[in-house]
């Protein structure tokens, strides 16, 4: 079933938190590990607008359904960061524009080069490149939803459950849009399937790893996705990826998590320094565009 973009456009809203008692966090604070994970999540949610910039320099900007969704998606994601910041502020954590500005400035040259790579690669390839972004989007949304669920499973705080539960409900609609777009675009184009599989293998990394310090990503994965239950969640996401056209048997999330010593494939794996995620399009320009998309391994 296609995503109802008109319904979404009139029902997208901020996270309603008027009934949330943030002072409860002062009386019953969250554990330090949960706060560290929450800080990571808030920082990533607040960075969403920068991803929007990179999407709109591609042929996506010509598709009114995609641009309508992205407008509302960025709006809702902004409020996700805001309500998480309220939880952090109740614990005395520094939040607000100065922190966000610091994270963005810390990206350095890669930040201002990224839209150039995006525009060059996407416009060389054409509309099939949209399938890459839509597939990255659904994998990241699946991962985010699972991460929030694991955070709640490891804490026992009714106000956090109230806030995060409402974020998760909005994330389900984000998942639905990206999944429908990815599936439809992959189904109708062999080039899109081959290209998406290649770029995922070359460039996909866990959510936030491109903007956050490697040590923080490693901590988040160990905290949220460690142990048997975390391994089960990782396998579930890989199973969902397997069901997208042309993407079977990639074990994408399992392999990425294993590089941090986490997940079902972590046993016996060397966990040396983990490289920061570079530009997805730089990987593509450097090695994908110049090579034929006919590797039998795909």
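Would you check which residues across the range 228-247 are surrounded by 14 or more Cβ atoms within 10 Å (Cβ to Cβ) and closer than 13 Å to residue 179 by Cβ and list them?
237, 240, 241, 244, 245, 247, listed by residue number.
Any idea which of 126, 147, 137 is surrounded by fewer than 16 Cβ atoms within 10 Å (Cβ to Cβ), in contact with a helix residue (DSSP H, G or I) (Cβ under 7 Å, 6 or more places away or on another chain) and within 30 Å of residue 248 (Cβ to Cβ)?
Working: 147 fails: surrounded by fewer than 16 Cβ atoms within 10 Å (Cβ to Cβ); 137 fails: surrounded by fewer than 16 Cβ atoms within 10 Å (Cβ to Cβ).
Of 126, 147, 137, the one residue that is surrounded by fewer than 16 Cβ atoms within 10 Å (Cβ to Cβ), in contact with a helix residue (DSSP H, G or I) (Cβ under 7 Å, 6 or more places away or on another chain) and within 30 Å of residue 248 (Cβ to Cβ) is 126.
Only one residue in 221, 186, 195, 160 is within 17 Å of residue 81 (Cα to Cα) and either touching a strand residue (DSSP E or B) at 6+ places or on another chain (Cβ under 6 Å) or buried (at least 20 other Cβ atoms within 10 Å of the Cβ) (or both). Which one? If you could, list the steps in order and put the result at the bottom.
Working: 221 fails: within 17 Å of residue 81 (Cα to Cα); 186 fails: within 17 Å of residue 81 (Cα to Cα); 195 fails: within 17 Å of residue 81 (Cα to Cα).
The conditions single out 160.
Can residue 188 be described as farther than 30 Å from residue 229 by Cβ and at pLDDT 95 or above? Please lay out each step first, then the result.
Numbers: farther than 30 Å from residue 229 by Cβ: yes; at pLDDT 95 or above: yes.
Criteria met by residue 188.
Give the number of residues within the range 1-33 that are in a helix (DSSP H, G or I), closer than 23 Å to residue 156 by Cβ and over 23 Å from the mean Cα position of the chain (by Cα). Step through it out loud before you land on a result.
First pass over the range 1-33, keeping only residues in a helix (DSSP H, G or I): 5-11, 24-27, 32-33.
Within this subset, residues satisfying the condition of being closer than 23 Å to residue 156 by Cβ are 24-27, 32-33.
Of the ones still in play, those that are also over 23 Å from the mean Cα position of the chain (by Cα) are 24-27, 32.
Going through the range 1-33 one residue at a time, the tally reaches 5.
How many residues are under 18 Å from residue 149 (Cα atoms) and surrounded by 14 or more Cβ atoms within 10 Å (Cβ to Cβ) if we restrict to the range 1-42?
Total meeting the criteria: 12.
Here are some conditions: (1) part of a helix (DSSP H, G or I); (2) without any contact (Cβ under 8 Å) to a residue 40 or more places away in the chain. Residue 118 meets all but one. Which one does it not meet?
(2)
Taking the criterion of being in a helix (DSSP H, G or I), touching a residue at least 24 places away in the same chain (Cβ under 8 Å) and over 24 Å from residue 169 (Cα atoms), would at least one residue in the range 42-52 satisfy it?
Within the range 42-52, none of the residues are in a helix (DSSP H, G or I), touching a residue at least 24 places away in the same chain (Cβ under 8 Å) and over 24 Å from residue 169 (Cα atoms).
Across the range 67-94, which residue is surrounded by the most Cβ atoms within 10 Å (Cβ to Cβ) among those that are in contact (Cβ under 8 Å) with a residue 40 or more places away in the chain and not in a helix (DSSP H, G or I)?
91
Is at least one residue of the range 151-173 assigned to a loop (DSSP other than H, G, I, E, B), within 30 Å of residue 32 (Cβ to Cβ), at pLDDT below 95 and touching a helix residue (DSSP H, G or I) at 6+ places or on another chain (Cβ under 7 Å)?
The answer is yes, given that some residue of the range 151-173 is assigned to a loop (DSSP other than H, G, I, E, B), within 30 Å of residue 32 (Cβ to Cβ), at pLDDT below 95 and touching a helix residue (DSSP H, G or I) at 6+ places or on another chain (Cβ under 7 Å).
Of all residues in the range 206-248, count the ones that are in a loop (DSSP other than H, G, I, E, B) and touching a helix residue (DSSP H, G or I) at 6+ places or on another chain (Cβ under 7 Å). Write out each step before concluding.
Filtering the range 206-248 for residues in a loop (DSSP other than H, G, I, E, B) gives 206-213, 226, 243-248.
With touching a helix residue (DSSP H, G or I) at 6+ places or on another chain (Cβ under 7 Å) added as a condition, the list becomes 206-209, 211-212, 244-248.
Of the residues in that region, 11 qualify.
The values are calculated or read from the model by the stated rules, or taken from the named source; none is laboratory data. Here the structure is a predicted model, which means the values were calculated and not measured. Neighbour counts are summed over all protein chains in view; Cβ atoms, including those assigned to glycine, are modelled from backbone coordinates with ideal geometry.
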